[in-house]
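Structure first, commentary second.
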Amino acid sequence: MSGVYQIEHVYKSAKPLDLEDSLCFQIFGVDIFLDAQARAWLLEVNHSPSFCTDSPLDYNIKKNVLRDTLHMLNLSQKRKSRYLNQQRNEKEKRLVEHQRQKREAAKDKQKEKEELKFKKLLQKDAFENNNMGDFQNLYPLPRGYSKAQDQLMDLYDHIYHKLCRQVYQESIPGSVNLRNKFKEE
């Protein structure tokens, strides 16, 4: 019976969630020899026995083996439905978990990109500030240097953002501003 462990391993690998050990079964064929004292001697064990019948006795033995095996499996529609529902629930759970992990990974990746972008921007700004030569930084002016300078930056930001919005709206095909511009010309 040395092959039993290998067969069990293959089964457990294919169906690791079968807690009842009832999703699969195997019928072994056992060939024995009876000697003159009616002692049984094991000749071989077949993992794939033949169910062909050569005589009425052979037919009755194999029919009873199959009948009793199916009876021992305790097959019922209730058990099948319970198993299918369990499999469906586990599948949905895995899918939901996979989608959640995917969303979290995407969020983490986006956060990493933003952090890297910010880090690169700081490095670029530091490099530019350290290597300006005769250039002078006009925008953005450093905040907190003077109240007048802060007000000037606020005004500049307001005008800049207003012009950006206007240019964007004019660039949209069919926008009112674009039609008015062509009427004026």
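The values are calculated or read from the model by the stated rules, or taken from the named source; none is laboratory data. Computed from a prediction, not measured in an experiment: that's the story for all the values here. FYI the Cβ positions are ideal-geometry reconstructions off the backbone, even for glycines, and counts take in every protein chain you see.
In table form, for the structure just shown:
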quantity: Selection status of GLU112, touching a residue at least 12 places away in the same chain (Cβ under 8 Å) and in a helix (DSSP H, G or I); calculated: no
quantity: Residue satisfying condition, being among the polar types (S, T, N, Q), under 22 Å from GLN26 (Cβ atoms), part of a helix (DSSP H, G or I) and more than 38 Å from the chain's Cα centre (by Cα), within set THR69, THR53; calculated: THR69
quantity: Neighbours by Cβ (under 8 Å, 6+ apart or cross-chain): first from segment 87-101, assigned by TED's automatic domain parsing to the domain that holds LYS15; second modelled with pLDDT of 85 or more and part of a helix (DSSP H, G or I); calculated: none
quantity: Selected residue (criterion: surrounded by the most Cβ atoms within 10 Å (Cβ to Cβ)) from residues of segment 26-84 that are farther than 26 Å from TYR11 by Cβ and small (Gly, Ala, Ser); calculated: ALA40
quantity: Test: residue in segment 13-30 that is modelled with pLDDT under 85 and assigned to a helix (DSSP H, G or I); calculated: yes
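Per-residue answers, yes or no, for (1) modelled with pLDDT of 80 or more; (2) surrounded by 10 or more Cβ atoms within 10 Å (Cβ to Cβ); (3) assigned to a helix (DSSP H, G or I):
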position	(1), (2), (3)
LYS102	yes, yes, yes
ASP108	yes, yes, yes
LYS120	yes, yes, yes
ALA126	yes, yes, yes
TYR139	no, no, no
PRO142	no, yes, no
TYR145	no, yes, no
ASP150	yes, yes, yes
